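Engineer: Pasting in a structure now, in structure tokens, and then I'll have a few things to ask.
FYI, it's all coordinate maths here, none of it is from the lab. Treat the numbers as computed from the prediction; the structure is a model and nothing was measured. Neighbour counts run over all protein chains shown; Cβ positions are idealised from the backbone, glycine included.
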Amino acid sequence: QKEVEQNSGPLSVPEGAIASLNCTYSDRGSQSFFWYRQYSGKSPELIMSIYSNGDKEDGRFTAQLNKASQYVSLLIRDSQPSDSATYLCAVNGNNNNDMRFGAGTRLTVKP
Amino acid sequence: ETGVTQTPRHLVMGMTNKKSLKCEQHLGHNAMYWYKQSAKKPLELMFVYNFKEQTENNSVPSRFSPECPNSSHLFLHLHTLQPEDSALYLCASSQDPRANYGYTFGSGTRLTVV
């Protein structure tokens with residue numbers, strides 16, 4: 001059974017702090033990894049993708065991938081109240097229609 | 001218009017009604033998907049269309065019926081739904097069936113079955 005696991009939260013951090021969101025997956029054959037942000041009442045929006053081990057930075061966001069440990073994370077630096085949302089981790093294999101989603105972590109950034 | 005457009009945004013229907021959800025993508029993508037999102041649960045894949053051919057029906061009850069007339073349009077026909085079918089229904093598209101660059105989601109239809 002392919003699974004993607006996330007801590008449901010809520011994760012609460014003060015404004016300006018680093019928020020760390022974690023995700024583990026069970027399928028060792030997974031090839032591509034994504035983070036989506038979903039504001040309450042809205043649809044998921046792709047914010048980061050990562051394909052190889054290591055870090056990938058985009059503005060205040062850093063995605064980290066460790067395939068040996070089957071672990072992918074998202075760091076948000078200088079967190080802002082506008083970052084308050086649910087963050088979905090998605091993991092994709094190398095076949096068609098292979099995308100698996102976690103249930104999401106709810107992040108609250110307090111002013 | 002750009003992106004993935006879904007209509008209606010909200011829908012309330014009785015258990016004996018028939019309604020349809022519509023999705024349109026303007027991205028030139030070749031794969032389109034219907035997902036169901038219920039509270040505190042992972043996204044549930046319902047149907048997949050690759051190059052307008054249905055390639056997956058993820059054990060979805062027959063009261064949900066998809067239609068893909070071309071690679072830009074996707075419908076979900078609903079009839080005799082149950083209250084437990086109330087959820088957010090999301091349409092998504094990807095450049096290709098492997099979705100190596102992820103999905104683009106529509107804004108969703110919030111469905112309430114009464």
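Engineer: Taking only the range A:25-43 into account, find how many residues are under 12 Å from A:ASP98 (Cα atoms) and within 8 Å of chain B (Cβ to nearest Cβ). Don't jump to the end; show me each part of the working.
Structural biologist: Looking only at the range A:25-43, we keep the residues that are under 12 Å from A:ASP98 (Cα atoms), and these are A:27, A:29-33.
Imposing the further condition that a residue be within 8 Å of chain B (Cβ to nearest Cβ) reduces the set to A:31-32.
Going through the range A:25-43 one residue at a time, the tally reaches 2.
Engineer: A:ALA68 passes all but one of (1) under 18 Å from A:GLY9 (Cβ atoms); (2) away from chain B (no Cβ under 14 Å); which number fails?
Structural biologist: (1)
Engineer: Scan the range A:48-74 for residues that are crowded, with 18+ Cβ neighbours inside 10 Å and in contact (Cβ under 8 Å) with a residue 40 or more places away in the chain and report the count.
Structural biologist: Matching residues across the range A:48-74 total 3.
Engineer: In the range A:4-13, is there at least one residue being closer than 30 Å to B:GLN6 by Cα, away from chain B (no Cβ under 11 Å) and aliphatic (A, V, I, L, M)?
Structural biologist: no
Engineer: Something else about it: Tell me, please, whether a residue that is assigned to a strand (DSSP E or B) and basic (Lys, Arg) can be found in the range A:57-74.
Structural biologist: Narrowing the range A:57-74 to residues assigned to a strand (DSSP E or B): A:57-58, A:61-66, A:71-74.
Okay, now just the ones that are also basic (Lys, Arg), so none.
Checking the range A:57-74: not a single residue is assigned to a strand (DSSP E or B) and basic (Lys, Arg).
Engineer: Something else about it: With A:LEU21, A:LEU46 as the choices, which residue is among the hydrophobic types (A, V, I, L, M, F, W, C), farther than 21 Å from B:SER94 by Cβ and either assigned to a strand (DSSP E or B) or in contact with a Leu (Cβ under 8 Å, 6 or more places away or on another chain) (or both)? Can you show your working first?
Structural biologist: Details: A:LEU46 fails: farther than 21 Å from B:SER94 by Cβ.
It is A:LEU21.
Engineer: Of everything in the range A:1-21, what is free of Cβ contacts under 8 Å to residues at least 60 places away in the same chain and either hydrophobic (A, V, I, L, M, F, W, C) or over 15 Å from B:PRO42 (Cα atoms) (or both)? Give them in sequence order.
Structural biologist: A:SER20
Engineer: Now a separate question. Name the residue, out of A:SER73, A:SER40, A:SER49, A:SER32, that is hydroxyl-bearing (Ser, Thr, Tyr) and more than 19 Å from B:PHE105 (Cβ to Cβ). Spell out the reasoning first.
Structural biologist: Details: A:SER40 fails: more than 19 Å from B:PHE105 (Cβ to Cβ); A:SER49 fails: more than 19 Å from B:PHE105 (Cβ to Cβ); A:SER32 fails: more than 19 Å from B:PHE105 (Cβ to Cβ).
One residue alone meets the criteria, A:SER73.
Engineer: Would you call B:HIS10 touching a Lys or Arg at 6+ places or on another chain (Cβ under 8 Å), surrounded by fewer than 15 Cβ atoms within 10 Å (Cβ to Cβ) and under 30 Å from A:PRO10 (Cα atoms)? If you could, list the steps in order and put the result at the bottom.
Structural biologist: Numbers: touching a Lys or Arg at 6+ places or on another chain (Cβ under 8 Å): yes; surrounded by fewer than 15 Cβ atoms within 10 Å (Cβ to Cβ): yes; under 30 Å from A:PRO10 (Cα atoms): yes.
Against the criterion (touching a Lys or Arg at 6+ places or on another chain (Cβ under 8 Å), surrounded by fewer than 15 Cβ atoms within 10 Å (Cβ to Cβ) and under 30 Å from A:PRO10 (Cα atoms)), B:HIS10 qualifies.
Engineer: Would you mind stating whether A:TYR87 is in contact (Cβ under 8 Å) with a residue 12 or more places away in the chain, facing another protein chain (nearest Cβ under 9 Å) and in a strand (DSSP E or B)?
Structural biologist: no
Engineer: Next question, about the same structure. So is B:VAL60 under 15 Å from the mean Cα position of the chain (by Cα) and touching a residue at least 24 places away in the same chain (Cβ under 8 Å) or not?
Structural biologist: no
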